[in-house]
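What follows is a set of notes on a single structure, which appears directly below.
What follows draws every value from the coordinates through simple rules; no lab data is involved. Note that the structure is predicted; figures quoted are calculated from it, not measured. Positions of Cβ are backbone-derived with ideal geometry, glycine not excepted, and every protein chain shown enters the neighbour counts.
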Amino acid sequence: MELETLFVIGMFLTFGALLMTGYPVAWVLGGTAVIWTVIGVVAVENFGANLWFDYSSSMGLVPERIWKVVGSETLVALPMFIFMGIMLDQSGVAEKLMNSMVKLFGGIRGGYAVTVIVIGVLLAATTGIIGASVVLLGMLSLPVMMENKYDKGFAVGTACATGTLGILIPPSIMLVLMADRLAVPEASVGDLFMGAFFPGLMLGAMYVAYAIIRPMLQPHIAPVPEGTEKVTWSIVWEVAKAVVPTAALILGVLGSIFAGIATPTEASGVGALGALLLALMSKRLNLKVLTSSMQQTTRTSAFIFAIFLGATAFSVVLRGLGGDRVIEDALLGLPFGPYGVILTILFGVFLLGFFLDWVEITLIILPLVAPVVQTLGFDLVWFTIMFAMCLQTSFLTPPVGFALFYIKGVAPPEIDVLDIYKGVIPFIIIQLVGLAIVFLVPEIATWLPAAAYD
């Protein structure tokens, strides 16, 4: 085995070992970079190792790379979209949607689950904050579904999985990070937003189909509520009034991007202003809410940027040790053919999602495998959307599925961890089926970005 390969394996093993210590991921990434810079320099200078490696071409480049990160125009959209999502949670829009849509769908078997999914899709198109979406949907829906004797696993799984749609349906902060890491014109933020639009809606539709079909086959998991109102035009009008503000915000953000009127960074400012106006219109905006939203935005942005800086150092040193060449040679040397390489990458990402957060996988793995995908001649938007769909499962897969922890924090006492695990398994399967569909029919992800340039 070549020395470069040994060093790359050693670097990943060091990262994994340090991660188990419980230290923050940002420090682990940066610390691993420092350790292997020292090892690399010592190996070259004292033992004559055949490595093209020195301090100036590895850790010496980190300050310049960090400057590029914090000076990136693309990443300006990140805190704006985060603020938009947090402020939208404070505006009371979700509560209004829940109260009105329950009257529309509540009378059908599985109607409460359908209501949660529809609201989740609307929230996903206005915020990419998974924690906030999962907690909000859980708080709004679980007590009602428990009161109406819904199966615990079915109820909690629906709320938990639906909350993760925001990581895929634009405007998604994950897609913003991916576009910045790829840094190529053919996979800009706008392209990824357009590419994820139909796959995200497809997943939402598959969730709705599951929420309708399974109660038809197993009526006991979602009894028809007693005493529900007959659907009238006044109820439809009430739903329309609740949906219009959210739809207007979605149109203002995504419509301006898709129409080419605004860049994603400019549209993020529109979204932040729109969320403020919605909070003002609902009479929820005050100094306390504004201060709390800004503090949460700062904490979330700082968390992501800290990992960004650690991952930058890690990636620079990994490349200095020949990591990109080792990984590219390993993937291109697989005997599975081009599509087999893609499936191997996606399977690896799926497994990593059991143990790592999507941020680390996006910042470390995506830049390493993207050149291989381009070398094989595949559409980078198509691959990146599948990469994102694969990462969506990481929120639901134990032991590091963050959505599982979020939903447990707001679930009623009678719902235990086993109920949550059982409830999310069908949705993980649905996500993987959706991924397979996009793999087999690439046009689902590529048609809209291509049509925008015609």
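For this structure, a couple of remarks:
- The C-alpha radius of gyration of segment 217-268, expressed as a fraction of 2.2 N^0.38 Å, stands at 1.90.
- Residue-span extension gain [Lys149 to Gln374] - 0.36 nm each, minus C-alpha spacing: 75.9 nm
- Virtual spin-label span in nm between Val433 and Trp67, 7 Å along Cα→Cβ: 5.2 nm
- When the P(r) of segment 61-149 is calculated, the portion above 20 Å amounts to 46% of the C-alpha pairs.
- Length gained on full extension, His220 to Ile35: 60.9 nm, using 0.36 nm per residue less the C-alpha separation.
- Taking Ser188, Ser282 and counting other C-beta atoms within 10 Å, the order from fewest to most: Ser282, Ser188
- Overall dimensions of segment 197-290, expressed as equivalent-ellipsoid semi-axes from the Cα gyration tensor (√(5λ), whole Å, largest first), are 33, 21, 13.
- Whole-number percent relative contact order across the chain, with pairs defined as alpha carbons under 8 Å at least 6 apart: 26 percent
- Efficiency of FRET between Ala450 and Phe354 - r from beta-carbon atoms, R0 35 angstrom, step 0.05: 0.55
- Around Leu332: net Lys/Arg minus Asp/Glu count, Cβ-Cβ under 13 Å: -2
- Shown here is the pair-distance distribution of segment 330-454: with all Cα-Cα distances grouped in 10 Å bins from zero up to the longest one, the shares run 12, 38, 31, 15, 5, 0 percent.
- Karplus-derived 3J(HN,Hα) values for segment 364-374, using 6.51 cos²θ - 1.76 cosθ + 1.60 with θ = phi - 60°, are 9, 7, 4, x, 7, 8, 4, x, 5, 4, 5 Hz; glycine and proline are entered as x.
- If R0 equals 45 Å, the separation of the Cβ atoms of Lys422 and Leu334 corresponds to a calculated FRET efficiency of about 0.80.
- Relative contact order, whole percent, for segment 119-196 stands at 37, derived from Cα pairs under 8 Å and 6 or more residues apart.
- Whole-Å semi-axes of the ellipsoid equivalent to segment 368-423 (Cα gyration tensor, √5λ, descending): 36, 9, 8
- Across every direction, the projection of the convex hull enclosing the Cα atoms of segment 130-193 has a mean area of 4.8 nm².
- For the residue pairs Lys241/Lys422; Lys149/Lys408; Lys96/Lys152; Lys149/Lys241; Lys103/Lys422, the C-alpha atoms sit more than 26 angstrom apart in Lys241/Lys422; Lys149/Lys241; Lys103/Lys422.
- Integer Hz, Karplus 6.51/-1.76/1.60 couplings in order for segment 276-285, x for Gly and Pro: 4, 5, 5, 5, 5, 5, 8, 6, 9, 8
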